[in-house]
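The values are calculated or read from the model by the stated rules, or taken from the named source; none is laboratory data. Keep in mind it's a predicted model, so treat the numbers as computed, not measured. Cβ sites come from the backbone with ideal geometry, for glycine too, and all protein chains shown count toward neighbours. Accessible surface is based on the protein model in full, side chains and every heavy atom, while ligands, DNA and RNA are left aside. Shrake-Rupley method; radii C 1.70, N 1.55, O 1.52, S 1.80 Å.
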Amino acid sequence: METFLIQATIYLGAAVIAVPLAARLGLGSVLGYLLAGIAIGPLTGLVGTETKDLQHFAEFGVVMMLFLIGLELDPRALWNMRQRLLGMGGLKVGLTMLAITGGSIAMGYDWGTSVAIGMIFALSSTAIVLQTLTEKGLMQTSGGRSTFSVLLAQDIAVIPMLALLPLLAVPVVVSLATDGSLAVIDPDDTHHATLSLVEGLPGWGVTLVTLGAVAAVILAGTFLTRPVFRYIHHARLREMYTALALLMVVSIAVLMQMVGLSPALGTFLAGVVLANSEFRHELESDLEPFKGLLLGLFFITVGAGINFDLLFGDPARILGLAVAVMAIKGVILFGLALLFKLHKKDRWLFTLGLAQAGEFGFVLISFSLTQGVLTDALA
């Protein structure tokens, strides 16, 4: 308990000091949180290995953020976005994946590894981009809406990517262990700690269960929300509304994970279903503080987890590859902005906003490693 309180004090203190300072300098809260993480992690060593566990917990802030964005979207507005969602988002993911896969093959990697690398870098950061657009008041611009459409399409694209990655694996992978010896990794020898409703089912069974879960979320949001809120209202306790809001988001996220879908995608869908509900503002006010703190914690853990020894060990190669990835994505994004007739300012917002890599890439790297698609050193 004492250790937990000390760690909480360090994380919260770093955020309270760094974020207002970054905001005052016009850098935005995201960079402030990242700098706070760097200060308490690589620079001073005040926090250590627990940042990885905290990061998984803090990723729930992204789930809450998409639920709150869904609450702001009328279903008809989402239907009006279908051209950007499918056309712009699909082309961005597909073209970026092809370009980076080709670059990886040119660097000497085999095609399976190159496709995995292409998938990893085809995604952009939902957490950083949406947080920045919201802070700067750019979400309602044409460029902001186009950017959001692509980010949502990417969240959807993660699902087929996770399905495709095991097909790229080789039967066994030989990698260099920490003691210098060769270690043989069997990709089938993986432990699935998450309870699954679709594991072991045939393809048609997986499809039915997945569609059933999505239908359950829509039906529950349509028909159960009003009676449940009335039941909570009789208790006349303010904290019960907060508890109900958290229960809704957590339970939907768990259900989506159990059927192999993205929790963020499921909660976004629930938010859209509840967008016309009279309880929308109640849910927003209850969840907004949790979303902000969890997202901030996520960015702090990212900063605290940066391996500067690795970066300074080969800075030219790492920075060069980072710039190359952003340049490839930037050219593709600018071309799409011209194709979809975005105006000049919106064109640059769209291009610069999505040119970086994203946090879902970490998920794909981890999954590729367990499936034997990537070696330890490359991951």
Length released on extending from L21 to L352, taking residue separation times 0.36 nm less the Cα-Cα span: 116.7 nm
Cα shape, region 253-375, gyration tensor, a/c 1.5 rule: oblate
Exposure of H56 as accessible area (Å², to 10), given a probe of 1.4 Å and all protein chains: 130 Å²
Solvent-accessible area per residue, Å², over region 322-379 with all protein chains present [probe radius 1.4 Å]: 52 Å²
Furthest towards positive pole of dipole, A316, L336, M326, structure part region 287-379, Cβ charges: L336
Relative compactness, region 324-377, computed as alpha-carbon Rg over 2.2 N^0.38 Å: 1.52
Cα-centre dipole for the chain with unit charges at Cβ (Lys and Arg positive, Asp and Glu negative), debye to 20: 1680 debye
Exposure ranking of T49, T9, T207, T267 by accessible area [1.4 Å probe, largest first]: T49, T9, T207, T267
Heavy-atom accessible area ranking, 1.4 Å probe, most first, across R236, R317: R236, R317
Rounded Å value of the spacing that divides the Cα centres of region 24-69 and region 204-273: 27 Å
Surface accessible to a 1.4 Å probe, D376 within the full protein complex, Å²: 80 Å²
At least 18 Å along the helix axis (C-alpha) and Kyte average at least 0.0, DSSP helices within the chain: 2-24, 89-106, 142-164, 203-223, 238-258, 280-304, 315-339
Cα centroid separation, region 283-303 to region 315-379 (Å): 24 Å
Base-10 log of normalised Debye intensity for the chain (one unit scatterer per alpha-carbon) at q = 0.08, 0.14 Å⁻¹: -0.45, -1.46
Loop GluC sites (Glu not before Pro), region 256-295 (other Cβ atoms within 10 Å of the site Cβ: 10 or fewer; DSSP): E278
Whichever aspartates and glutamates have a C-alpha closer than 19 Å to that of K136, once near sequence neighbours (fewer than 8 apart) are set aside: E72, E288, D346
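Assuming R0 = 22 Å, what is the FRET efficiency of F290 and A235, from their Cβ-Cβ distance, to the nearest 0.05?
E(calc), rounded to 0.05, equals 0.60.
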Share of carbon and sulfur in the accessible heavy-atom surface of region 276-379 [1.4 Å probe, %]: 70 percent
Relative contact order (%) - the chain, alpha-carbon pairs under 8 angstrom, separation at least six: 34 percent
Which of Q7, T134, F67, positive extreme of dipole for the chain (C-beta unit charges): T134
Heavy-atom accessible area ranking, 1.4 Å probe, most first, across V273, V62: V273, V62
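Can you compute the charge dipole magnitude of region 258-375 about its Cα centre, using +1 on each Lys and Arg Cβ and -1 on each Asp and Glu Cβ, nothing else charged? Give it in debye, rounded to the nearest 20.
Value, rounded to 20: 660 debye.
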Accessible area (Å², per residue) of region 224-321, counting only protein heavy atoms and a probe of 1.4 Å: 52 Å²
Whole-percent carbon and sulfur share, accessible surface of region 68-156, 1.4 Å: 67 percent
Point-charge dipole on Cβ atoms (K/R +1, D/E -1) for region 57-135, about Cα centre, debye to 20: 280 debye
Å² of accessible area per residue within region 1-153, as computed with a 1.4 Å probe and no ligands counted: 49 Å²
Using a Förster distance of 22 Å, the FRET efficiency for V228-W79 (Cβ separation, nearest 0.05): 0.20
